[in-house]
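Take a look at the structure below.
The values are calculated or read from the model by the stated rules, or taken from the named source; none is laboratory data. All figures in this text were calculated on a predicted structure; none of them were measured in a lab. Cβ atoms come from the backbone with ideal geometry, glycine included; neighbour counts cover every protein chain shown.
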Amino acid sequence: METFAGLGTRMRHVLELLDGDVARVYADLGLTDYRPRFSPVVRALVALGPLSIRELARAVGVTHSAASQTAAQMARAGLLTLEPGADARQRIASLTARTRQLLPLIEAEWAATDLAAAELEAELPVALGEILLLAERAVVSRPMRTRISDAARTLYGALPPGDPDAGPRAALLAIAGEGPEPA
């Protein structure tokens with residue numbers, strides 16, 4: 001059967017599969033409130049000490065919004081504290097005693113997951129981590145929105161002249177940012 005999944009759908013699906021299995025490891029160990037995305041935050045705070053949300057976002061490689069949401073979830077789970085910083089808008093994240101007690105388990109899971117990821121990458125023709133790094137760099141240097149606009153211009157240019165169906169022409173121009181939005 002033909003699949004209609006696009007690149008984003010496939011990437012989300014692979015992430016769901018990977019994260020789901022890591023989450024099951026924690027659930028099997030009785031840590032039902034611990035999420036795989038918490039580990040990079042824990043590791044950053046262990047290595048660097050208390051950090052503002054902005055610093056944490058940079059250390060983990062996510063947006064400020066994503067770091068703020070993750071920190072809030074972790075605070076609700078009793079895994080970190082959020083204290084006011086020097087600036088009224090700033091919040092400083094610190095590990096709780098509970099998280100420090102869990103560190104041997106978190107670090108063991110990280111090591112096992114890292115080894116399992118290396119095994120997965122060995123099965124692939126190209127290392128997934130390397131592909132993701134290259135893809136991230138490519139999208140940062142030339143955003144997908146720019147690529148879509150350029151592709152729409154290319155498709156518009158490939159339409160036969162005088163095509164009676166104005167719908168695709170107008171839609172492609174709108175996607176390219178060069179015409180009115182189609183109705």
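So Ser94 fits all but one of (1) closer than 26 Å to His64 by Cβ; (2) at pLDDT below 95; what number is the exception?
The number of the failed condition is (2).
May I ask you to list the residues in the range 1-35 that are free of Cβ contacts under 8 Å to residues at least 24 places away in the same chain and assigned to a loop (DSSP other than H, G, I, E, B)?
Within the range 1-35, Met1, Glu2, Thr3, Phe4, Ala5, Gly6, Gly30, Thr32 meet the criteria.
May I ask you to verify whether Glu130 is touching an Asp or Glu at 6+ places or on another chain (Cβ under 9 Å), within 30 Å of Gly8 (Cα to Cα), surrounded by 13 or more Cβ atoms within 10 Å (Cβ to Cβ) and of a type in the set (D, E, K, R)?
no
Being of a type in the set (A, V, I, L, M) and more than 13 Å from Leu95 (Cα to Cα) is the filter; apply it to the range 54-82 and report the residue that is modelled with the lowest pLDDT.
Looking at the filtered set, the residue picked out is Val62.
I'd like to verify a number: residues in the range 1-41 that are acidic (Asp, Glu) and over 16 Å from the mean Cα position of the chain (by Cα), how many?
The total comes to 4.
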